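FYI, it's all coordinate maths here, none of it is from the lab. For clarity, every value in this text was computed on a predicted model and none was experimentally measured. Quick reminder, even Gly has a Cβ in these numbers, built from the backbone with ideal geometry, and neighbours come from all protein chains shown.
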Amino acid sequence: MPVAELPEEEERARAVEVIDQWSARELARDSALVAAERQEVHDRTASHRWYLRFRGEEKDYVTVWLTLGQRTLHHEAQFMPAPEENAEAVYRYLLRRNRDLYQMAFCLGPEDAIYLMGRVPAALVDEDELDRIAGSSLHYVDEHFPTAMTLGYPKLYRRRPRR
């Protein structure tokens, strides 16, 4: 797919429009998206940030943060808090899972919480890419959350019964 070179402001404005339209469409239909909020960022780290809250299966909700930077769209979802037990086993499990994830990876974030993160060029942001980001985030969380939580919180976490 050829990529058109756009000036940064035009590229960002186009990405903002696509994300706003996509989230409005998803909210209007009966999808997993239950809430969307956009914020303008004024600290020069990004231009806009979205909080997209999805209904999950293994977790009640999965929130995906989209952050539009100068030339990229960064996306992340908090996967789980820092493990209380068996941290090495949790990290080993998630690092091994990273090889099977498409354009995303499990990473350590603030307070050693575990996040699912990725980044795409702003010029490539379209509805298909947003569908991929949302769908993959939900799928990877639902697929790996039970095992990671069972390892990291064996006394507290119990997997939900299948619906």
For region 104-163, what is the largest minus smallest coordinate of the Cα atoms on each principal axis, given in angstrom and ordered from greatest to least? 46, 33, 12
Can you give the angle from 0 to 90° between the axis of helix 8-28 and the longest principal axis of the chain, with both taken from C-alpha atoms, to the nearest 10? 60
What is the helix-to-structure angle for 127-152, meaning the angle in degrees between its Cα long axis and the longest Cα principal axis of the chain, kept from 0 to 90 and rounded to the nearest 10? 20
From the Cα trace of the chain, what convex hull volume per residue do you get, rounded to a whole Å³? 124
In debye to the nearest 20, the charge dipole size for region 8-152, taken about the Cα centre with +1 at each Lys and Arg Cβ and -1 at each Asp and Glu Cβ, equals 200
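Arrange the following residues from fewest to most other Cβ atoms within 10 Å of their Cβ: H42, H75.
H42, H75
Can you list the trypsin sites (Lys or Arg not before Pro) in region 77-130 that are in a DSSP coil and have 15 or fewer other beta carbons within 10 angstrom?
Answer in residue order: R99.
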If I fit a long axis through the Cα atoms of helix 87-98 and take the longest principal axis of the Cα atoms of the chain, what angle between them do I get, 0 to 90°, rounded to 10? 40
Computed over the Cα atoms of region 62-130, what is the ratio Rg over Rh, Rh following Kirkwood? 1.03
